[in-house]
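**Q** I have a structure here, written as structure tokens, and I will follow up with some questions on it.
The values are calculated or read from the model by the stated rules, or taken from the named source; none is laboratory data. Just so it is clear, the model here is predicted, and its values are computed rather than measured. Please note: Cβ atoms are built from the backbone with ideal geometry, for glycine as well, and neighbour counts cover all protein chains shown. In case anyone asks, the SASA skips ligands and DNA or RNA and just uses the protein heavy atoms, side chains included. Shrake-Rupley method; radii C 1.70, N 1.55, O 1.52, S 1.80 Å.
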Amino acid sequence: MPSTLPGARAVERPRTVGVLVDWLESEYQSAVVGGVMDAAREQGMNVVSFLGGVLGSPNRHGRQRNAVYDLAASEMIDGLVVMGGTLGNHGGPAELAAFCDRFRPIPMVSIAATMPGMTSILIDGEHALRDGIRHLVEHHQYRRIAFLGGPANNVEAQARLRTYGEMLATYSLRPPESFVAVGDFQYESGVEAIRVLVDERAVEFDAIVVANDQMSLGVVDALRARGRRVPRDVAIIGFDDIREARYSAPPLTTVRQPLGAQGRLSVDVLLRLWRGEPVDDVLTLPTELVLRQSCGCHSDVRRANMTSHLPPPLARPGTSPGVEDALRNRRTRIIEALREPVAGLFAGVRDDWSDSTLDALIAELQGESPGSFADQVNRLLERSMAAGGTGNAWQPALSGLRRELIPCLATDASMRSRAEDLLQEARVLVADAVEHTQAQRRLAGERRGRILAEAAEEISASLDLASLADVLKACLPRIDIPSAHIVLYEPSGAAVSEATDRQTRRRRLVFSYERGRVRAPRAVGQAVAPRALVPAGVLPTNRQHALLVEPLFFKDDELGYVVFEVGPFDGLIYETLREQISGALKVALLIDELVATGTERAGLLADLQVRAAELEATYQALQDNQRRLLSAEKMASLGRITANIAHEMNTPLAAVRTALVEIEKRAIEYGASVGDPEVTNEDHAQIATEMRTSLQLARSAAERAAGFVRGIKTQTRDLSAQERIRFDPAPVIEEALLLLSYDLRQAACRLEFRPPERPMELLGSPGILSQVVTNLVTNALDAMPVGGSIALILSECDGAARLVVQDTGKGIPADLRDKVFEPMFTTKPFGQGTGLGLSIVRDLVTGQLGGSVALESEVGVGTTFTMTFPLPTAS
């Protein structure tokens with residue numbers, strides 16, 4: 001029965017949509033909420049997302065996180081979108097329904113869970129999942145198929161488990177209960193499920209159906225760790241089609257559900273409810289099976305089925321009307337081949353983009369509108385990249401276009417040659433756009449990671465609200481967060497129960513930042529009115545905005561909440577800041593409390609014992625932040641190397657492209673000359689000579705690129721302690737230096753590497769040694785003026801391997817030499833270093849390679865690091 005709701009009261013301010021979501025660290029939630037934000041922005045509305053965890057869950061401090069959901073009863077919220085499919089994973093539908101009752105009578109929409117009294121947006125996932133299981137059984141002949149489901153209280157997880165059982169029963173396949181494992185939709189539960197299935201139950205299966213992609217990624221990694229390859233040993237089908245599924249190794253076969261469309265539809269439902277229009281109780285969106293490599297198929301299976309033979313011979317070979325007839329008859333198939341790989345990439349773009357693209361290409365083939373095809377491709381690339389696309393789908397789209405177009409030009413060699421040139425030009429445009437976009441995103445990610453690492457260090461050192469405000473004022477604009485506000489709960493005499501509305505608790509604003517400025521002191525300290533999120537006048541009124549409300553807590557203590565205005569849409573950024581701010585606030589509040597209650601010595605001593613335990617927990621949290629910094633340093637190093645590779649690979653790749661274009665032209669010329677009496681053997685020989693010349697150019701450039709690839713493999717391979725191998729350190733050092741060649745040229749630095757007179761072996765991980773060399777050379781470059789020199793000397797001395805790294809830099813003062821290996825110590829300006837590079841070198845040399853490191857330095861002369869490694873014993 002359709003539900004109706006009277007139109008909301010008239011308001012002058014823009015309407016605000018509230019979103020109740022557990023968190024945004026997973027792409028599933030991020031994609032749905034992103035759809036809500038996109039639709040709200042188009043309608044001139046604001047969005048406030050409350051990130052409160054799974055209802056009632058004991059995991060990840062569920063009770064403390066749930067506190068922010070009470071804030072959704074704010075007067076500023078005009079309608080709610082409830083991520084029911086994830087919020088109710090612990091308590092089930094009944095608890096979720098009771099929870100939602102507190103927000104009535106404002107209109108609400110539930111996503112992925114049927115809820116009474118509101119419109120529910122669901123997906124028809126069972127249909128596509130049946131197709132996937134049928135594909136495993138009929139196409140690949142799999143018979144031993146396991147299943148990894150979601151939380152027991154999740155309705156969608158129950159439906160997927162039921163579909164799995166029904167489909168196998170139709171094929172008279174009835175696996176035992178041991179073939180079914182239960183997860184929680186997180187990556188870690190995929191890893192745990194393989195431990196249970198393989199290690200504990202010893203289940204022998206050749207395929208597994210997984211209830212979502214996040215767990216599928218965990219399954220792939222856990223199988224790989226046990227020496228089982230996907231899909232050769234085990235085939236996998238996932239569910240959702242998140243971005244990682246498309247770019248994992250191998251790419252995941254999965255059921256694609258319209259994540260962003262669910263969010264957009266929820267806003268449309270709210271608009272109709274506000275207008276008093278009827279809306280169905282349940283709206284269902286379709287899904288589709290996407291075949292990729294993880295089930296045993298190739299990524300182009302679906303497109304391969306569209307390949308056809310050449311059209312029948314044309315009535316008038318070699319004439320323009322024949323080509324026009326062929327293009328007209330084949331147009332539909334050409335359009336389908338062009339659209340299929342890039343379906344859904346163009347939000348807000350007219351649906352006839354493929355027709356206009358084909359028309360631009362045909363016009364150029366006919367000698368009209370020079371450059372129009374390249375201009376059209378450039379416009380579409382810009383739009384798809386702006387919408388968050390990677391551009392990787394464009395190469396198969398151009399291949400599909402060529403496959404269906406070229407047969408239409410069979411009778412006109414000149415037009416066919418022109419088509420090949422135009423398509424090759426388009427391929428180069430796509431390759432350049434993809435390279436540029438990926439480099440920009442890598443650099444942006446590296447920049448944000450570096451800033452977050454620096455912010456973690458500074459926030460951890462904040463001992464009061466004033467110093468915390470200064471740190472946030474410095475780092476928030478660099479992360480591109482437009483505004484942020486911190487609200488703390490006032491101390492109360494009784495613990496807050498679940499029945500207590502946090503909206504009625506006394507709260508005060510302790511920090512408020514907007515676009516590069518912190519509000520005047522009179523604004524900070526204001527009380528927050530009941531049923532308000534922040535004090536009046538704090539939120540921006542001159543622009544649309546999307547806000548994230550994150551809880552602030554430390555262990556069992558609810559401290560308050562922080563309101564971020566969305567800048568970069570990456571949930572991990574805001575969760576990291578939430579953790580850091582919570583820890584710093586707890587320390588500041590403890591210090592304030594200790595100072596205020598220091599009147600009686602006996603009472604103070606007793607209280608200090610309790611606080612010491614809490615400070616120990618705070619210290620543990622700070623150590624966790626340090627581990628995040630170590631990870632950020634590794635990512636920054638990898639980002640720097642990746643940027644170098646991009647510079648170094650451009651030249652050989654451009655040479656390969658140029659050579660291939662020339663070879664293709666000569667091949668076309670050669671084919672056209674066959675049987676032509678006017679073409680002599682000398683002409684054929686000349687064409688062959690030109691082709692060999694181009695091939696040699698391509699081979700030489702490809703060999704240069706291959707050298708960089710070998711260096712990448714060495715740099716990124718990471719072996720566990722159980723996988724330590726014997727390796728020759730000399731080529732490992734050479735490949736690491738190759739990856740730094742761009743930095744060396746930029747610094748005009750001379751570098752010399754002197755390998756040993758005869759080969760030697762070390763025991764450990766080549767990637768570890770490569771990282772040590774990278775950090776030391778990078779550190780030397782930073783310490784030297786332009787035009788210095790670096791020498792690396794590898795030798796065997798007294799039964800051990802010795803690696804010396806010398807530079808002609810400015811040297812290290814004597815009073816600082818004992819500090820350079822300490823974590824966080826750096827002499828670089830703020831924002832130009834984390835102080836972790838040499839600390840990591842020492843830990844890797846001593847802990848991973850079993851060696852030692854010594855330092856010698858003289859100011860104005862240079863610095864020498866000497867590392868000694870034990871040689872493995874003969875076996």
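**Q** Please compute the contact order of region 86-134 in relative form: average sequence separation of alpha-carbon pairs under 8 Å and at least six residues apart, divided by the residue count, as a percent.
**A** On the way: 31 pairs, mean separation 10.6, N = 49.
Rounded, it is 22 percent for region 86-134.
**Q** Under 15 Å between alpha carbons, and skipping anything fewer than 8 positions from K555 in its own chain: which aspartates and glutamates qualify?
**A** The qualifying aspartates and glutamates are E579, E614, E616, D624.
**Q** At 1.4 Å probe size, with the rest of the protein present, what percent of the exposed accessible area of region 522-591 is carbon and sulfur atoms? Let's see the in-between values first.
**A** Working: 1330 of 2460 Å².
So the carbon and sulfur contribution to the accessible surface is 54 percent.
**Q** Let me ask you something else. Tabulate in residue order the Karplus-calculated ³J(HN,Hα) for region 121-135, using 6.51 cos²θ - 1.76 cosθ + 1.60 with θ = phi - 60°, rounded to whole Hz; enter x for Gly and Pro.
**A** Taking θ as phi minus 60°, the curve returns 9, 10, 10, 8, x, 5, 4, 5, 5, 4, 4, x, 5, 4, 4 Hz for region 121-135.
**Q** Rank by packing, highest mean first: peptides 81-90, 687-696, 242-251, with packing defined as the count of other Cβ atoms within 10 Å averaged across residues. Write out the running numbers ahead of the final one.
**A** Working: 81-90: 26.9, 687-696: 14.6, 242-251: 17.5.
So the order, starting with the most tightly packed, is 81-90, 242-251, 687-696.
**Q** With the cut-off at 1.5 for a/c, could you classify region 155-265 from its C-alpha gyration tensor as rounded, prolate or oblate? Don't jump to the answer; show the numbers that get you there.
**A** Working: a/c = 1.75, a/b = 1.21, b/c = 1.45.
Because a/c hits 1.5 or more and a/b fails to exceed b/c, region 155-265 counts as oblate.
**Q** Could you sort the peptides 195-201, 260-266 by per-residue average Cβ neighbour count (10 Å cutoff), highest mean leading?
**A** Packing order, densest peptide first, comes out as 260-266, 195-201.
**Q** Carbon and sulfur together cover what percent of the accessible area of region 34-181 at a 1.4 Å probe radius? Display every interim value, and only then the final one.
**A** Details: 2770 of 5450 Å².
Of the solvent-accessible surface of region 34-181, carbon and sulfur hold 51 percent.
**Q** Compute the accessible area per residue over region 113-155, keeping the other protein chains in place, probe 1.4 Å, unit Å².
**A** On the way: 1680 Å² over 43 residues.
Per residue, region 113-155 has an accessible area of 39 Å².
**Q** In addition: 5 Å is the cut-off here: which amide hydrogens, built 1.01 Å from N in the peptide plane, fall below it relative to E288, excluding neighbours closer than 5 in sequence?
**A** R256
**Q** With a 1.4 Å probe and every protein chain kept in, tell me what percent of the accessible surface of region 738-786 is carbon plus sulfur.
**A** Working: 1160 of 2270 Å².
Here carbon and sulfur together make up 51 percent of the probe-accessible area.
**Q** Highest first, please rank the peptides 420-430, 543-553 by the mean number of other Cβ atoms sitting within 10 Å of their residues. Each step should come with its number before you reach the end.
**A** Details: 420-430: 18.2, 543-553: 21.4.
Result, highest mean Cβ count within 10 Å first: 543-553, 420-430.
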